1. At a 10 Å Cβ-Cβ cut-off, how would you order Cys24, Cys245, fewest neighbours first?
2. As a test of understanding, state the convex hull volume per residue of region 302-351 from its alpha carbons, in Å³.
3. Kindly point out, ordered by number, any Cys in the chain whose beta-carbon has no other cysteine beta-carbon under 4.7 Å away.
4. Got a sec? Which residues in region 54-82 would a label at Arg19 touch, if it sits 7 Å along Cα→Cβ and we count backbone N under 15 Å?
5. Hey, quick one: spin label on Ala288, modelled 7 Å out along Cα-Cβ, who in region 239-262 has an amide N within reach, i.e. under 18 Å?
6. Would you mind ranking Glu319, Glu239, Glu285 so that the residue whose beta carbon has the fewest other beta carbons within 10 Å leads the list?
7. When a footprinting reagent is the concern and you count Cβ atoms within 10 Å, what order do Tyr33, Tyr27 take, fewest first?
8. Give me the distance between the Cα centres of region 240-275 and region 155-223, rounded to whole Å.
Amino acid sequence: SDKAAGERIVAARARLGKRAVLLCHHYQRADVYRHADLTGDSLKLARLASQSDAEFIVFCGVHFMAEVADILSRPEQIAILPDLAAGCSMADMANLAKVERCWRELGTVLNPDEEITPVTYINSAADLKAFCGEHGGIVCTSSNATTILDWAFAQRGKVLFFPDQHLGRWSGFKKGIPLDEMEIWNPDLEMGGLTPERIRKAKILLWAGHCSVHQMFQLNNIQRFRSEHPQGIVISHPECAFEVCHASDYVGSTEYILNTIKAGPPNTRWLVGTELNLVDRLAEEVKAEGKIVQFMATNICMCSTMQRIDPQHLAWTLENLAEGRVVNHISVPPHEARLAKVALQRMLDLS
Ligand code: 13P
Ligand code: SF4
């Protein structure tokens, strides 16, 4: 049972002591989150991993996060993902073969290595971060994307942003780039489905990727909330569609959402466009201050891969570590890690 697994986690952690640190993303389920040493959004967790001295960095999150922990930690430290099937469906919407093909196709219209800065959302595989490291590009997260765009445009006139079109579009919009100067690059079509003229005119090429959880939040959810609660406040994650972000009062990362609502005035009502585990936990935490926190969608939507990290997997992982067996080690090949670190370090230096 989950309760028995919870006790096993506590026991194994006691045996491991400071050898293991448990990093937990805000979308983790309550019965895992309560065991966290440290919590955060992607950027904060990347930094925490880079600063940790623990032998084992046990990452309760998804695959790309554990990869980042491996890349940013020292070589002798070991990053671990309690369930190897915990991926990110958005990250999977771009891969190296498709991005390289895109770069080659863009090369028939312009000189990408001089005219385009590749920017990858941290929700991407390590080899895509390495691609950015190699081609003068950079990584961004939901909390620093506009700062990263400033840097990217200071290097070259155009940006190729992958895999999340929504974060790219919202960040470009905040930078004042007209929507008609942002084009969607569809990796399943030749030349992304674009004409040479449109490629030349575009400031940002947006990879046609999205998050299946955040696409559930819709403008009519906000409209209904506003009509029922005119004083209510709306806050969304930038992975939401453009019209959802545009209709929100605040837009930001998971850490930003938590901090904004916690710091907000008492006796307020909030509508939140991000994953349900976070929203449920937050609603409990702030209800004593008279704050009501509502989930934006009418259907239940959790991130099914974040959800895969459950007490059983975590207990099994920690018990193995305590017995001296390393399981579910996430290890990025050295040549890839070196280039990915270039792109990650550019980001960390700016944020
Ligand atoms: P944050 O960096 O805001 O925590 O977002 C990560 C993520 O995967 C959101 O879906
Ligand atoms: Fe990936 Fe979306 Fe899950 Fe975040 S919520 S980890 S973007 S699938």
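1. Placing the least packed residue first, the sequence is Cys24, Cys245.
2. Each residue corresponds to 144 Å³ of Cα convex hull volume.
3. Lacking a cysteine Cβ partner under 4.7 Å: Cys88, Cys102, Cys132, Cys140, Cys211, Cys240, Cys245, Cys301, Cys303.
4. Hits in region 54-82 for Arg19 at 15 Å: 54-58, 77-80.
5. Residues passing the 18 Å test: 259, 261-262.
6. Glu285, Glu319, Glu239
7. Ordered by Cβ neighbours within 10 Å, fewest first: Tyr33, Tyr27.
8. 22
Each reported figure results from applying straightforward, stated rules to the coordinates on display, with no laboratory input. The model shown is predicted, which means the values in this text are computed figures rather than measured ones. Because the Cβ atoms are built from the backbone with ideal geometry, glycine has one as well, and the counts that use them run over all protein chains shown.
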